[in-house]
Amino acid sequence: MLVQTPTDVQIIHLWFPNIFEFKGGIQVYSAFLLQALQELYPQKKYDVFLKHDTRSLPHIPYLDNTRFHFSGTVPLKFRTFNFAAQLAKYCLRQRPDLIIASHANFAILADQIKRFLGIPYWVIAHGTEVWDVKKPSLQKALQRADRILAVSNYTRDRLLAEQDLDPDRVSLLPNTFAADRFEIAPKSPSLLQKYHLTADQPVILTVARLDSSQKYKGYDEILQGLPRIREVIPNVHYLLVGKGDDRDRLENLIQSLNVQDCVTLTGFVPDEELCAHYNLCDVFAMPSQGEGFGIVYLEALACGKPVLGGNRDGAIDALCGGELGVLVDPEDSEAIAGSLIEILQHKTANPILDRPEMLRSRVIETYGFEQFKKTLTQFF
């Protein structure tokens, strides 16, 4: 296995789907990775290749001499070919010392370049994109990667169980988050008014894309459990933050369950308003079963909120095996409802859930950006 020290690496190529014009788990992770590398090794040269972005934006910090290469201006049907050709051209011209691909699909080209040019490559493994991989070319690319950085133990364990990989080459670099953007605060009077809530009203919150392909987020099960929760806590309200093509189906489900008076689908909420929404709730709940990690859990914890997640995916890592939250069967709406009642009534067995400052300090200590950088240095 090729191991490089920081002084060995002069040019680093970063292959990202995008980081500027779309926000998702992979995009956020990629942006933090760029920032961490440049803070740790500012003397290196960084070429960042972005498949879908068309421009850089100031909300993501980077060194002045960072070179960005955008493929987002190319029509979508030609974009993959153009992006691959650009990557191959610059690798041939620059002969970078290391390639880091933040999406597994890019590993196939990285493998071919390594075979012809001998350039080592790392791959970031997030979640669904590396689970149940059947494509032979991707399997081989993962096997030949010099290092795979998994965002959670769940993803790492699943990769090793499903693929023929050297465990020594599959390391853990968990997600991080912008702790300075999320803090403990009182419930916003303007949001209370906007959503027709009272300050003492118990609020359950989920933040997720309402994508029909991502029903694993668990909001269906929360909705199905609401009638039972209302029997115990009549004035409970559920806020579901996010937009997507699953909204119409959700509205029909809400009507069928007759819970329309205690559910609000907020639609899209801009980043600068997310902290206030987290602070509006009394418990953050996303009992998913397909998350590679789940940055939203960290953001809610940084706001001092008790968190409920599923016990079958990367939420296990985000909530430190249940130390920082409650883990439940994501397919059991009764268990989800029962756990949410316990949290809202302050009857859980975990006392930390009622200590906002401790939740915040623990999540920053475990998953803050400084810890992310510290872990990253170990791999160089």
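In table form, for the structure just shown:
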| quantity | calculated |
| --- | --- |
| Where a residue in segment 25-36 is in contact (Cβ under 8 Å) with a residue 60 or more places away in the chain and its partner, wherever it lies, is among the acidic types (Asp, Glu) and surrounded by fewer than 21 Cβ atoms within 10 Å (Cβ to Cβ), with Cβ under 9 Å and at least six apart | 26/129 |
| Residue identified as farther than 27 Å from residue 59 by Cα, within 19 Å of the chain's Cα centre (by Cα), not assigned by TED's automatic domain parsing to the domain that holds residue 97 and not polar (S, T, N, Q) among 238, 219 | 219 |
| Top-ranked residue in segment 152-189 [being among the small types (Gly, Ala, Ser) and touching a residue at least 60 places away in the same chain (Cβ under 8 Å); ranked as surrounded by the fewest Cβ atoms within 10 Å (Cβ to Cβ)] | 185 |
| Search result, residues across segment 254-298 that are touching a Lys or Arg at 6+ places or on another chain (Cβ under 8 Å), without any contact (Cβ under 8 Å) to a residue 60 or more places away in the chain and either farther than 18 Å from residue 234 by Cα or of a type in the set (D, E, K, R) (or both) | 265, 267, 268 |
| Condition check for residue 45: surrounded by fewer than 18 Cβ atoms within 10 Å (Cβ to Cβ), at pLDDT 95 or above and over 22 Å from residue 375 (Cβ atoms) | yes |
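The values are calculated or read from the model by the stated rules, or taken from the named source; none is laboratory data. Note that the coordinates shown come from a computational prediction; the quantities given were computed from them, not determined experimentally. Using ideal geometry, Cβ is built from the backbone for each residue, glycine included, and neighbour counts are taken over all protein chains shown.
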